[in-house]
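Read-outs: derived from the displayed coordinates by stated rules, not from any lab. Keep in mind it's a predicted model, so treat the numbers as computed, not measured. Neighbour counts run over all protein chains shown; Cβ positions are idealised from the backbone, glycine included.
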Amino acid sequence: MPRSARTASLLAAALLATVIPSAAASAAETVPRIDLTVLVVDDGGSAVEAITSELRSTGVPYRRVDLADSGRPVITAGFLSDTVSGRPRAKYQGVVLPHESAFGPDSAEQAALTAYEKTFGVPQVDAYTWAHPGVGLDYTSEGGLSGPLDGAAASVTAAGRAGPFRHLDGPLTFEDNDPAIAESYGYAGRPREGYTSYLDIPVDGGGRASLIGEYAHDGRRELVVTFAYNQYQRQFRALARGIVEWLTQGVHLGQSRSYFSVHVDDVLAPDARWDTARNCTPGDFDCVGGDGEGENPVRMTAEDARYAAAWQKSSGFTLDMVYNGGQGEQWKTEHGGTDPLAAQLIADRAQYRWVNHTYTHPFLGCVQDNTTVPWQCAENATGATLWTSRSVISGQIRDNHNWAVAKGISVDRTELVTGEHSGLKTLPQQGADNPNLAGALADNGVKWIASDNSREPRQRAVGAAKTVPRHPMNVYYNVGTAAEMADEYNWIYTSRADGGSGICESNPASTCLPAPLDTATGYASHIVPQEARTALSHVVANDPRPHYVHQSNLAEERILYPVLDRVLADYRALFADNTPLVNPRQRDVGTELNRRAAWEQALAAGQVAAYRIGTTVTVKAPAGVTAPITVPEGTRKQLLLGTAVFGTAYAGTRSAWTAPEPLQSATTLRLPTV
């Protein structure tokens, strides 16, 4: 038989095998179908909202039942299950309750839920309860403890590390951000029969008592959590992945990573310096006198560049150098025709990632009228806004890219960061994008343009390109020393009575410091831990958005490194080696956010069908939409002929964005048999 005929015959056989039921399949119809959706029963408390936020941010489908809604559905057998093509169907793979008996212990709804969980083996999370025999624990008066947990050192047990919390190393310290405020409260009880502790804490009199564990009883399984929390606290964020893995038995839609990348803007450019006497930055519109970058600017040296390369190697972390080639050339011209900084960075070019920041860093939005403070958009005689032209924007992008190519620097032309994110809308002065921006991006093949997450946290289109929101780090662009940083921080965050600007008093989103920081010690004692904590909160929340700082923060006293060292050290102390930091570049972040938006839209429109029957998982999504799926190690993806290992290993599971193979209408995964 010719090879082409053999191939056609095999393909036909494979296709027939997917549509002709076998006798074995008929006999297996009693194996239930479990839909990959979570039922969330919400009482409005912070614990349920925290778990819901984890489901939402990782792409796990869920249905929320609001207990405060008089028109909510009643929990009955019909609400929870039915039959599809003769096969029993469980509509939910897991249940989140505020506590173990959210509907009342003797209610019909609680009885229906209990029967459902027994019948289909569906697990239940008790989001926050107290230690008592009804959840498999002794009362706290019987060798346990109750009270504030701020600063308490808990540990993931051996059972937790072998099970749903295998992404953690073991120790877990509860946050204590303000000694004057109780931030966490809990009940730690000693386990009874049927209870397996996953997180425990030492108690007076010796031994340990549990804060999280599994209670197996009466043919059901409950994950019992006996401390209060919210979605922002580090202890919850560290445990959230494991709660979802336990709830879904390790098979669910959605995926999660710990992302951390740092853009260093203005590389090769000088940055203006904060004036500690005038409390402003020379060169800014609201600072009278001085010429900013020409007056004692902050700029890296060749030694700073060598330090950056060495730090990267020792820390195992790569920085993104967001560069202005024209600024470097201008500096060279003004300083005798040499630039040791540029020479060193170019020599070490392969050690960094590089991102286009435009050639000379001009403002690319409307033409700025600087005769007023704050500035406003200039207008022509007819009152129309004057805009930076397409040719100017395009030239800035093109010339900077060509500069890098000529220096042997590898740069991705699809990525761009404009100076001050200009060209994009800048409220309140510029309420719309520069209408010439989208065309200039297209001229240069730009697909991903950075935006400021504090202004625009959602990705959006700019012509054919998409934005990539970036988190600003509170390490200022206009300082080179810790004392300068603390001085400017004091100006922003102290009251007028304490010598500050009072901005914190008039801004409802801000909080004033109780007293000014000591400029000699305040950066290390207050700002570093606070900024590291903020950055780490993004890292552990499945947030891929980059953080951005400026080259000045790598110069002089190199004040950025203590923040980065703290983030890396805290993360690596908490998470196991199987859960490494993911350090994506800008295009990868853009792609991730774009996929998430399409996935969220498909879920909201009810266009996704996903279920498990025994060891087979089936996922159907609209054409062109890739699905995020997380499954146990050993899972294989069904191909037209044979199978292949599925996904990428992460946190003890395998996960990926995936779509059906050619000639398939759904993604099919084969789970490992136990």
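Overview of results
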quantity: Taking the range 29-249 and dividing mean pair separation by its residue count, relative contact order in percent (alpha carbons under 8 Å, at least six apart); calculated: 21
quantity: Modelled FRET efficiency - R0 30 Å, ALA609 with THR673, Cβ distances, 0.05 increments; calculated: 0.80
quantity: Whole-angstrom gap from the range 30-56 to the range 183-209, using each part's C-alpha centre; calculated: 25
quantity: Contact order normalised by residue count of the chain, Cα under 8 Å, 6+ apart, percent; calculated: 13
quantity: The chain: angle of helix 586-604 to the longest principal axis, Cα-based, in degrees nearest 10; calculated: 40
quantity: Cα centre as origin, Lys/Arg/Asp/Glu Cβ charges: the range 29-249 dipole, Debye; calculated: 820
quantity: Rule-of-thumb Rg ratio for the chain [Cα; 2.2 N^0.38 Å; N residues]; calculated: 1.09
quantity: Residues whose placed amide H lies under 5 Å from that of LEU513, excluding near-sequence neighbours; calculated: THR494, SER495
quantity: Value at 222 nm in deg cm²/dmol, rounded to 500, when DSSP H runs of n ≥ 4 in the chain each add -39,500 (n - 2.57); calculated: -8500 deg cm²/dmol
quantity: Sites ILE181 and GLU600, calculated FRET efficiency, Cβ-Cβ separation with R0 45 Å, nearest 0.05; calculated: 0.80
quantity: Cα-based helix-to-principal-axis angle, 46-58 vs the chain, degrees rounded to 10; calculated: 80
quantity: Furthest towards positive pole of dipole, GLY45, GLY500, GLY614, structure part the chain, Cβ charges; calculated: GLY614
quantity: Rounded to 5, percent antiparallel among DSSP beta bridges of the range 29-249; calculated: 65
quantity: Residue exposure sequence - SER510, SER501 - by fewest surrounding Cβ within 10 Å; calculated: SER510, SER501
quantity: Neighbour-count ranking [beta-carbon atoms within 10 angstrom, fewest first] of ILE492, ILE75; calculated: ILE492, ILE75
quantity: Rounded to 10°, Cα long-axis angle of helix 302-315 versus longest principal axis of the chain; calculated: 10
quantity: R0 of 22 Å, Cβ-Cβ distance HIS217-ALA115: FRET efficiency to nearest 0.05; calculated: 0.90
quantity: Ranked list, fewest to most other Cβ atoms within 10 Å of each Cβ, for ARG496, ARG595; calculated: ARG496, ARG595
quantity: Separation between Cα centres of the range 65-82 and the range 149-177, rounded to whole Å; calculated: 35
quantity: The range 233-322 - convex hull of the alpha-carbon atoms, volume per residue in Å³; calculated: 204
quantity: Potential lengthening between SER510 and HIS335 on full extension [0.36 nm per residue; Cα-Cα distance subtracted]; calculated: 58.8 nm
quantity: In nm, spacing of pseudo-spin labels at ILE503 and GLU420 (7 Å Cα→C-beta vector); calculated: 1.4
quantity: Centroid-to-centroid separation of the range 299-339 and the range 96-124 [C-alpha atoms, Å]; calculated: 61
quantity: For the chain, size of Cβ-based charge dipole, Lys and Arg +1, Asp and Glu -1, in debye; calculated: 3520
quantity: Quotient of C-alpha Rg and 2.2 N^0.38 Å, computed over the range 29-249; calculated: 1.02
quantity: DSSP bridge orientation in the chain - percent antiparallel, rounded to nearest 5; calculated: 65
